[in-house]
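Read-outs: derived from the displayed coordinates by stated rules, not from any lab. Quantities reported herein were computed from a predicted structural model and do not represent experimental measurements. Methodologically, a virtual Cβ is constructed for each residue, glycine included, from the backbone with ideal geometry; neighbour enumeration extends over all protein chains shown.
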Amino acid sequence: MSKGLEREQWYPPRDRNAEHSVWRQWQVRWRACSGIARRQTERELQWVSDSWKQASALSLAQLSQTLAQKSERLQYLAASPQAGVAASPQWLRQRSELLGLWCCAAEHRLGMKPHLTQVRAALEMHNGHLVQLAPGEGKTLAIGLAAALYASSRRPCHIVTANDYLAERDAQLMAPLLSLADFSVASITPETPPHALADAYRCDVVYATGKQLLADYLRDELILGGVKDPVRRRLWEMQRHDASPRPVGRGLWAAIVDEADSVLIDEATTPLIISSADDNPMLIDAVLAGKRIFENLLMGVDYQVQTEPVPDIRFTEKGKRRVQEMVYLLPPFWRFPERSEGMVALSIMARHVYQRDRHYLVDEDGKVVIVDEKTGRVMAGRSWSHGIHQAIEAMEGLQLSSPPKTVARMTFQTFFNRYHRLCGASGTLQGIHGELFRTYGTWVVPLAPRVPSRLEHARPLLFANPDKRLEAVVRETLACHQAGLPVLIGTRKIRDTEALSQALDARGVPHQMLNAKHHAEEARIVAIAGQPGAVTVSTNMAGRGTDILVSALVSERGGLQVLMFEPHDAARIEWQLYGRAGRQGARGRALAHVCLSDELLVRGLGKLYAHLLPLLTPLLLERRIGWSAMRLAQVLTQWAAAGQRKRLAQRELTVANQLSFND
């Protein structure tokens, strides 16, 4: 870490408004569509191969020395060019030769020989693109090679992982490789001591989650008071006292995003909030009083609840009168009609909209913990705002927590747009190429798999009601278990994993259950999930960054059997689950089970579908028609979600511009 500690240069965030982004985007499109970029990559791959062959004759000490020299040479020529900007032939040749050395180093130091797809992925990521790699193609090594190229510039390189475990694992895995050129590597997690953060960020390559990076960035902004240019930063350094806190980061330069669709799309508009303790006894009293009023109201008589497509609470005229009759229970500030109805509506939402074991858990300490529906993991330390969290605590009969006061906030979309170089990799970028390009200016490059896929993807099975589906999944699981095949059942909800577990217990099928309640056992459960006859019931926790290893014998029998219990909002999210099977040419099977009353179909196709479902059931049970209806629901859901992300992004940009003008 010694060399990293010596560098104190700060790199301000990127200002997209100052760039000619439209012209650059047209350049990217032209180079990709005309074949110029592809032909350039082919030339570079040949140079990489030649350099790799020459490096094979070097000793490890000679290789280390040559890597350091080539890295310094590349740094002297220039930093990595922006995506779509033509680099000089000399720079391209130097980069290709350096990558060839890194490939040789990976073979010697890690025992991993990069294959052509990984080398191509590293080049494309260093070009500022997102690459679509098939599951099992080795994103970890490809990202490590790209990081080695970015580290040559001696500017901050952040690798964004799906969770803290992967940040620590990948940093430990790649440290021996990057150390050959004296590059320092660190991982940052919530367990990293505050006094060690600055040292970690001074390293050449930093592994962390997007949440960790954004939280530290916001804290630095609070310390700097909004300083965003080097001149004002130097003035701040001159004026500060020695005892005052200093920022921990070196600024923003390059970000390599693993599981890019999850970070850049699914979590894009989620704001990360830095808060401080704010004792608000009046709000707590109002929440408790609102619950008392709610308990004296009747659903359908005093109020109406609509949960889809967005939660909506409406009071009837009788309900409004009933609330006003009991408004004396509320603190004076909340006794106006709009405020009193809003406070009672919080209790209605806590009872009818937010569901335990789906949207949240109650932990052993009696705390409400939010569950991320997309990943199935708990979101420790996060809370809902505007009194919703306290209303849920009151509904569960728990002690109410004090609502925090927001000090700083930023969405992940805004944050990642502040990096000067943004790239990454994922196996599930289908259907979002255009949105990624419009939002981040990053081009998606699909790469063919090294080994043809042998995953059998059967047409979905359709059911008229959930009970028949549950029985079919249990029956299919039992057949696979008896045949000695491992089974992974993927669900969207915690309660579905528990229902399946009870049904399997009734049939005497031994199995493991993985959800947010049992997250501590994740490593152990995943380690045995590929054994002959193993049965694993899991939420989406098993869909990201999870390698389920199967033996050659199991692969020959048919490989891992993935059963999807309920369709997801997007086909690419389903492929995150399916991608656990059939990796690197192994055999496997993926089978979806769809109930016509599933949330996706009812929400995506609207009220008319729900109203006509009894009449349409015989028609929809025809496999082709039912499958088409499911895909249509996914398209409509994703279209609506993309529109929402676009509107929120425009709102964030408008607010940011107004604040900049006020400054």
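A few remarks follow.
- Full extension of the chain between Arg169 and Asp50 gives 39.7 nm of extra length, using 0.36 nm per residue less the Cα-Cα distance.
- Amide H contacts under 5 Å for Ile489, placed H, 5+ residues apart: Thr536, Val537, Ser538, Leu563
- Gained length - Arg454 relative to Asp199, 0.36 nm times residue gap less alpha-carbon distance: 87.2 nm
- Taking 24 Å as the straight-line reach from the Cα of Lys367, the lysines in range (excluding those fewer than 8 positions away in the same chain) are Lys211, Lys291, Lys405, Lys493, Lys517.
- A dipole drawn for the chain from +1 and -1 charges on Cβ atoms has a positive end, and of Pro510, Leu74, Ile265 the residue lying farthest that way is Leu74.
- Residues whose amide H lies under 5 Å from that of Leu560, counting only those 5 or more places away or on a different chain, are Gly582, Arg589; hydrogens are built 1.01 Å from N in the peptide plane.
- Rounded tilt (10° steps) of 21-33 against the dominant C-alpha axis of the chain: 70 degrees
- Protection proxy ranking, peptides 144-152, 157-165, 413-421, average beta carbon neighbours within 10 Å, highest first: 144-152, 157-165, 413-421
- Placed amide H near Gly251: partners under 5 Å, 5+ positions off or other chain: Tyr11
- Whole-Hz ³J(HN,Hα) from phi, Karplus 6.51 cos²θ - 1.76 cosθ + 1.60, for region 364-369, glycine and proline x: 5, 8, x, 10, 7, 10
- Among [x] 45; [y] 32; [z] 37, the entry that matches percent of Cα pairs over 40 Å apart as calculated here: [z]
- R0 of 22 Å, Cβ-Cβ distance Leu398-Arg292: FRET efficiency to nearest 0.05: 0.85
- FRET efficiency, 1/(1 + (r/R0)^6) with R0 25 Å, evaluated for Arg624 and Cys33 via beta carbons: 0.15
- Taking Cα atoms only, the orientation of helix 139-151 departs from the longest principal axis of the chain by about 60 degrees.
- Förster-model FRET efficiency, 56 Å R0, Arg14 and Asp547, C-beta, rounded to 0.05: 0.95
- Dipole magnitude for region 344-428: about 500 debye, using +1 per Lys or Arg Cβ and -1 per Asp or Glu Cβ, origin at the Cα centre.
- In terms of the mean number of neighbouring beta-carbon atoms within 10 Å, the peptides 170-178, 356-364 order highest first as 170-178, 356-364.
- HN-Hα J in Hz across region 113-125 - Karplus 6.51, -1.76, 1.60, θ = phi - 60°, x for Gly and Pro: 9, x, 8, 4, 5, 5, 5, 4, 4, 4, 5, 5, 5
- Label reach from Lys646 (point 7 Å along Cα→C-beta): in region 222-265, amide nitrogens under 17 Å belong to 265.
- Listed peptides 483-490, 383-390, 27-34, 336-343 by packing density, highest first (mean Cβ within 10 Å): 483-490, 383-390, 336-343, 27-34
- Partner aspartates and glutamates whose Cα lies under 15 Å from the Cα of Lys139, excluding those fewer than 8 positions away in the same chain, are identified as Glu124, Asp170, Asp258, Glu259, Asp261, Asp547.
- Think of the chain as having a plus end and a minus end, set by charges on the Cβ of Lys, Arg, Asp and Glu; of Met349, Phe412, Gln27, Gln27 sits farthest toward the positive end of this dipole.
- Once the Cα atoms are used to define both axes, helix 164-178 deviates from the longest principal axis of the chain by about 0 degrees.
- Whole-Hz Karplus values for region 399-404 come out as 6, 7, 8, 6, x, x Hz, taken residue by residue from phi with 6.51 cos²θ - 1.76 cosθ + 1.60 and θ = phi - 60°; glycine and proline positions read x.
- Over the chain, DSSP H runs of length four or greater, each weighted -39,500 (n - 2.57), average out per residue to a 222 nm ellipticity of -15500 deg cm²/dmol.
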